[in-house]
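Below is one structure, written out as structure tokens, with a few remarks after it.
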Amino acid sequence: MRVLGIETSCDETAIAIYDGEKGLLSHVLYSQIPLHADYGGVVPELASRDHVKKTLPLIKQAIEQAGLNASDIDGVAYTAGPGLAGALLVGATIGRSLAYAWQKPALAVHHMEGHLLAPMLEDNPPAFPFLALLVSGGHTQLVGVEGIGRYQLLGESIDDAAGEAFDKTAKLMGLSYPGGPLLAKLALSGDSKKYKFPRPMTDRPGLDFSFSGLKTSAANVIAKEGSTEQVQADIAASFQQAVVDTLVIKCERALEQTGYQRLVIAGGVSANLSLREQLAVLLKQRGGEVYYPRKEFCTDNGAMIAYAGYQRLQAGQQQDLTIGVTPRWPM
Ligand code: KG4
Ligand code: ZN
């Protein structure tokens with residue numbers, strides 16, 4: 001069984017083909033980052049228009065790269081939410097229509113389920129059950145995962161997502177969009193103990209997060225300390241350490257509560273090396289293991305959607321003829 005995956009929920013047009021026996025056959029991605037950079041963030045209308053231009057040529061490219069014909073595809077999966085409504089509609093309309101034309105099942109995939117399952121594409125995939133820390137630009141969630149489709153939300157951010165906090169703080173520091181990876185790079189030459197940022201909501205029980213206050217404290221320090229290169233690096237390192245500490249504390253609490261021995265980190269912020277290292281230390285201390293996708297599959301990609309769609313197809317699920325998207329969609 002081969003599933004074509006289409007991802008257009010935000011600012012990447014990404015397509016992949018996953019084969020149940022051979023694994024990933026192809027994956028292609030076009031990033032709109034340069035298109036939105038001047039605006040300091042994603043402009044939804046520009047995103048939709050660009051997905052319209054890029055999706056079909058990329059599908060053609062992915063099929064060619066896999067050495068296949070359209071008739072070799074057994075199902076078409078697309079991200080149906082959460083995400084930007086217009087952007088989602090492009091992938092959903094194209095995906096649903098192609099499935100109809102090819103007379104194959106269509107599979108509406110939840111974007112965060114895609115992220116959550118992305119480590120399954122690696123050589124040493126985690127066994128169930130596991131705890132998942134989903135950290136992206138739009139979400140920060142702790143999820144108990146018993147199996148495919150068996151997810152329990154244990155905690156989430158009550159305001160900004162971790163990636164959003166990285167991006168907003170980076171913007172305050174004058175870095176370009178998306179600032180998360182740039183801030184992380186700057187942090188490499190900074191002192192993480194130089195500035196004291198809060199570790200929000202760690203002093204009370206529970207598994208929820210809050211990152212908007214952290215961004216405000218960063219804004220105060222930036223205004224007070226100026227912006228020499230070293231000050232910027234120290235702020236970046238101290239800010240990053242506060243986010244990482246907060247995530248580590250909550251993961252430890254969730255592992256304690258659930259008794260799980262495996263932790264999956266996924267979503268854009270799971271590309272952060274400091275987060276990976278410090279969670280690896282935590283899991284080592286507890287005799288468990290941490291899993292994450294390769295860097296290109298931490299951020300949005302088509303492979304995770306093709307894989308999640310394949311699992312849905314195996315489970316006998318498929319989308320009826322309605323073309324619908326769910327911009328806000330709890331998992
Ligand atoms: O998963 P993703 O590509 O898109 C969403 O579904 O939101 O995540 C993008 C987010 C952005 O906020 C970006 O700044 C952040 O992931 N990010 C990072 C790093 N790489 C990407 N944040 C911190 N450190 C990184 N190395
Ligand atoms: Zn994402």
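The values are calculated or read from the model by the stated rules, or taken from the named source; none is laboratory data. All values derive from a computational prediction rather than experimental measurement. Every residue, glycine as well, gets a Cβ built from its backbone with ideal geometry; the counts of neighbours run over all protein chains shown. Just so you know, the surface numbers come from the protein's heavy atoms only, side chains and all, with ligands and any DNA or RNA stripped out. Shrake-Rupley method; radii C 1.70, N 1.55, O 1.52, S 1.80 Å.
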- Note on the structure: Among (1) at negative phi; (2) crowded, with 22+ Cβ neighbours inside 10 Å, Ala223 falls short only on (2)
- Query: What single numbered condition from (1) within 15 Å of ligand 1 (Cβ to nearest atom); (2) among the hydrophobic types (A, V, I, L, M, F, W, C); (3) open to solvent by less than 20 Å² (accessible area, probe 1.4 Å) fails to hold for Leu84?
  - Reply: (3)
- Note on the structure: Filtering the stretch 291-331 down to residues that are more than 26 Å from Gln278 (Cβ to Cβ), assigned to a helix (DSSP H, G or I) and not polar (S, T, N, Q) yields Ala303, Ile305, Ala306, Tyr307, Ala308, Gly309, Tyr310, Arg312, Leu313
- Task: Would you mind stating whether Glu146 is within 16 Å of ligand 2 (Cβ to nearest atom) and either more than 30 Å from Val109 (Cα to Cα) or acidic (Asp, Glu) (or both)?
- Result: no
- Between residues in the stretch 296-318 that are on the phi > 0 side of the Ramachandran plot and residues that are open to solvent by 20 Å² or more (accessible area, probe 1.4 Å), which pairs lie under 6 Å by C-beta distance while being six or more apart or on different chains? none
- Examine the stretch 170-191 for a residue that is of a type in the set (S, T, N, Q) and open to solvent by less than 50 Å² (accessible area, probe 1.4 Å), and state whether such a residue exists. no
- Just wondering, is there one or more residues in the stretch 143-159 that are within 15 Å of ligand 1 (Cβ to nearest atom), assigned to a loop (DSSP other than H, G, I, E, B) and open to solvent by less than 10 Å² (accessible area, probe 1.4 Å)? no
- Assuming His115 fulfils every condition listed in (1) of a type outside the set (Ser, Thr, Tyr); (2) under 17 Å from the mean Cα position of the chain (by Cα); (3) in a loop (DSSP other than H, G, I, E, B) apart from one, which condition is it? (3)
- Scan the stretch 154-200 residue by residue and report those that are in contact with a strand residue (DSSP E or B) (Cβ under 6 Å, 6 or more places away or on another chain), more than 16 Å from ligand 2 (Cβ to nearest atom) and among the hydrophobic types (A, V, I, L, M, F, W, C). Leu154
